[in-house]
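What follows is one structure encoded as structure tokens, with my remarks underneath.
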Amino acid sequence: VVYFLPFFFPGDFDELTQDNNDILLKTIAEDLRNCLPLETMLSSEHLALQKIQQQPEPTVHVDAFLYDEDFIDSLCEQGKMSRNYCMVCGSHQTAPLGFISHSFSLLELKFIYHHVLPDLSGKVLVDVGSRLGTVLYGGYLYSSASQLFGVELNGDFCQLQDVIIKKYQFTDRIKVLHADICTQGSLLQNADVTVMNNVFEYFLNETEQARAWDYISHNVRKQGSLLVTVPSLEDSLSGLQVNIQLSSWVEEIPLNYDVYPEKDIDREALEQIHLYQVL
Ligand SMILES: C[S@@+](CC[C@H](N)C(=O)[O-])C[C@H]1O[C@@H](n2cnc3c(N)ncnc32)[C@H](O)[C@@H]1O
């Protein structure tokens, strides 16, 4: 049988695969939404829940991988979510609620794998605090990394990641470890890419954060390896009692945040993403 595809070019094929990967990630998000509460936080996350309540402005956790802007709009229309809080009880004065997310959005994942990181063929990536597994699934679909390791402290989230990894047959390249990252020295020493999306701030007290950063700075040492962080290392370490000399550990690689000019995107979120190379 001969098929004639007169308008089909290699570029279109790439687009087509990209679209399929986006659809697959959206299907994974739907699976996860179906087995997690709307606030996507577990009752076992005492400290993280407490820290959200202690924010200077009323803040809610809305997971950016599970709920994109359109989804939030439709939940607001159904009265299941609100973007505002009442400033004076009973009045109509309202102010925008603060939103925080403990996961990367689909767009942030695409930005990281398409525009931040180089070709990862044969490389090992470690996601510190892999939670729902978004960095791992994104890495499986959007990169050629040979191995993607997630390390997660919370056992319930590890089980959830395992369910998704098996269901979508990602077992050949993804592995999740239920552990404190501070026990995973050799994994960190061998990583070509280490990803750290606001791992410690909401989940550990300040002494534990300082200890964990100390461990990271002693073990993420492979020369030339890459470290992706949110927020910047300077911001993450400020206010903590650590003695880490950034200038002798890493060099920041500037990123171009203008890669999606035509899209209505949350540029501020992209600007929180930083890339470093280990010296
Ligand atoms: C903000 S989430 C990051 C989620 C995921 N990496 C992403 O970008 O979508 C941080 C996760 O780190 C985990 N975590 C905090 N401290 C940890 C530690 N010492 N070792 C392993 N995981 C940790 C938390 O349980 C939480 O699920």
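The values are calculated or read from the model by the stated rules, or taken from the named source; none is laboratory data. No experiment lies behind these values; they were computed from the predicted model shown. Reconstructed Cβ throughout: ideal geometry from the backbone, glycine too, with neighbour counts over all protein chains shown. With ligands, DNA and RNA removed, areas are computed over all heavy atoms of the protein, side chains included. Shrake-Rupley method; radii C 1.70, N 1.55, O 1.52, S 1.80 Å.
Odds and ends about this structure:
- The DSSP beta bridges internal to the chain are antiparallel in roughly 35% of cases.
- Residues of the chain: accessible area per residue with a 1.4 Å probe, Å²: 54
- Exposed loop positions in the chain were taken to be GluC sites (Glu not before Pro) whose DSSP state is not H, G, I, E or B and which have at most 13 other beta-carbon atoms within 10 angstrom. Between these positions, the longest stretch is 40-261.
- Computing FRET efficiency as 1/(1 + (r/R0)^6) for LYS80 and THR183, where r is the C-beta to C-beta distance and R0 is 45 Å, gives about 0.70.
- Gain on full stretching of the segment that runs from SER238 to THR171 - 0.36 nm per residue minus C-alpha separation: 20.3 nm
- When only the Cβ of Lys, Arg, Asp and Glu is charged (+1, +1, -1, -1), the dipole of the chain relative to its Cα centre reaches about 780 debye.
- Annotation for segment 111-157 versus segment 214-279: alpha-carbon center distance of 16 Å.
- Label-point gap, in nm, between TYR260 and ASP156 - each point 7 angstrom along Cα→Cβ: 2.9
- Relative intensity, log₁₀ I(q)/I(0), of the chain from a Debye sum that treats every alpha carbon as a point, q = 0.09, 0.14 Å⁻¹: -0.46, -1.09
- Across the protein chains, with a 1.4 Å probe defining accessible surface, the residues CYS158, CYS76, CYS35 rank CYS35, CYS76, CYS158 from largest area downward.
- Under-5 Å amide H pairs with THR59, H placed in peptide plane, nonlocal only: GLY98
- Interchain or long-range residues, amide H under 5 Å from SER144's placed H: LEU120, SER121
- Hz values of 3J(HN,Hα) by residue in segment 166-174 - Karplus curve (6.51, -1.76, 1.60), Gly and Pro given as x: 6, 4, 9, 6, 9, 5, 5, 10, 10
- Long-range HN-HN contacts of MET81 with modeled amide H, under 5 Å: CYS76
- Relative contact order of the chain, defined on C-alpha pairs under 8 angstrom at six or more residues apart (%): 14
- Theoretical FRET efficiency, 1/(1+(r/R0)^6), r = Cβ-Cβ of GLU271 and ASP31, R0 22 Å, to 0.05: 0.15
- Along the chain, longest interval not containing exposed chymotrypsin sites (Phe, Trp or Tyr not before Pro), exposed being DSSP loop plus at most 11 other Cβ atoms within 10 Å: 9-279
- Ellipticity estimate at 222 nm from DSSP helix runs (n ≥ 4, -39,500 (n - 2.57)) divided over the chain, nearest 500: -10500 deg cm²/dmol
- Karplus (6.51, -1.76, 1.60) ³J(HN,Hα), θ = phi - 60°, over segment 34-48, in Hz, Gly and Pro reported as x: 5, 10, 10, x, 3, 7, 6, 10, 9, 4, 6, 8, 4, 5, 5
- Only one residue of GLY98, LEU38, LEU120 has its Cα farthest out toward the positive end of the dipole of the chain, where Lys and Arg carry +1 and Asp and Glu -1 on Cβ, and that residue is LEU120.
- Only Lys, Arg, Asp and Glu carry charge here, each on its Cβ (+1 for the first two, -1 for the last two); on that basis segment 162-246 has a dipole of about 440 debye about its Cα centre.
- ³J(HN,Hα), Karplus 6.51/-1.76/1.60, whole Hz, each residue of segment 235-240, x for Gly, Pro: 5, 5, 8, 5, x, 9
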